[in-house]
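Here's the structure, in structure tokens; my notes come after.
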Amino acid sequence: MSLPAQKSVRSSVERHENDLYTTDPEAVRQLLKREKFHVDVLEPCAGLGHISEELSKHGYNVTSSDINDYGYGTPNRDFLTDFFFDEHTQEFDIVTNPPYNLAIDMVQRALLIAKQKVAMLFPYWYITKFYWMPPRRVYLFTRKIDIAKDGNFDAYHNKNMKDYAWFVWDVGYYGDTIIKYIVNNKRVTKQVEKLEKEYSDMSKYWNTSKGNMKKEVLRLHSEKFSNREIGRRLNIDEKTVRNWLKENV
């Protein structure tokens with residue numbers, strides 16, 4: 001697959017040397033509740049192994065490496081240039097939290113190497129950087145997750161000021177991006193609980209009424225009403241009437 005050349009994203013946020021910012025394992029668990037990967041997964045920015053360990057606990061065979069030596073996985077292996085990755089193209093899915101100043105380079109490289117799927121953790125506003133190869137799904141955390149310098153989660157707990165999201169690409173897909181929420185708030189306010197119930201009830205009502213309306217469309221059609229007249233009577237557009245009738249042909 002040939003991808004268009006893009007400039008690297010340069011973060012305005014000063015980062016620790018070698019980008020050793022570790023990922024809260026809970027963020028990985030939330031991803032794995034929503035996405036399934038090929039059994040063989042590559043973590044090319046493994047750092048201290050927080051993502052790799054969580055993947056392993058969920059039954060994946062993880063190949064871990066990093067451009068630096070942090071005592072975990074294979075050290076001194078640059079994802080952007082090491083021929084190891086070229087030699088193992090389409091053998092792994094990829095899950096990682098990459099250096100943000102190399103975001104576009106990392107995504108381009110990953111999409112050329114991955115077997116089926118790529119998942120990377122970025123600040124949410126990076127969604128504007130990937131219009132050239134849009135992710136298929138983006139999972140936005142409703143509460144800020146912990147990203148800890150040098151793996152020191154005690155020192156960095158609740159210190160993160162950025163909104164993060166998992167960006168998930170299906171290899172070969174080019175189309176619209178679906179945005180979903182990971183509701184990870186520790187406490188949900190009564191107002192939110194009320195709204196969730198109202199929208200849930202509304203969804204149930206719509207699904208029920210939609211089924212009844214389809215039956216009414218079929219009844220009116222059997223009585224020789226035109227699609228336009230059916231739409232007018234039921235207050236739905238004519239295209240919807242046609243589509244529902246096609247479902248029952």
Mean separation of Cα contacts under 8 Å, 6 or more apart, over the residue count of the stretch 17-182: relative contact order %: 23
- line: Its Cα gyration tensor gives the stretch 17-182 an equivalent ellipsoid whose semi-axes in whole Å, largest first, are 21, 20, 15
message: Greater than 21 Å separation of Cα atoms is the criterion. Which listed pairs, 36/162; 162/197; 33/144; 33/180; 57/117; 214/246, meet it?
response: 36/162; 162/197
Among 75-85, 110-120, the order from most to least packed when residues are scored by Cβ within 10 Å on average: 110-120, 75-85
- prompt: Listed highest first by mean packing, meaning other Cβ atoms within 10 Å per residue, what order do 40-49, 20-29 come in?
  reply: 40-49, 20-29
query: Percent antiparallel among DSSP beta bridges with both residues in the stretch 17-182, to the nearest 5?
result: 50
message: Let me spell out the model: positive unit charges on the Cβ of Lys and Arg, negative unit charges on the Cβ of Asp and Glu, origin at the Cα centre of the stretch 17-182. What dipole size does that give, in debye rounded to 20?
response: 860
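Every number here is computed from the coordinates shown, using simple stated rules; none is lab data. All values derive from a computational prediction rather than experimental measurement. As a convention, Cβ positions derive from the backbone with ideal geometry for all residues, glycine included, and neighbour counts pool all protein chains shown.
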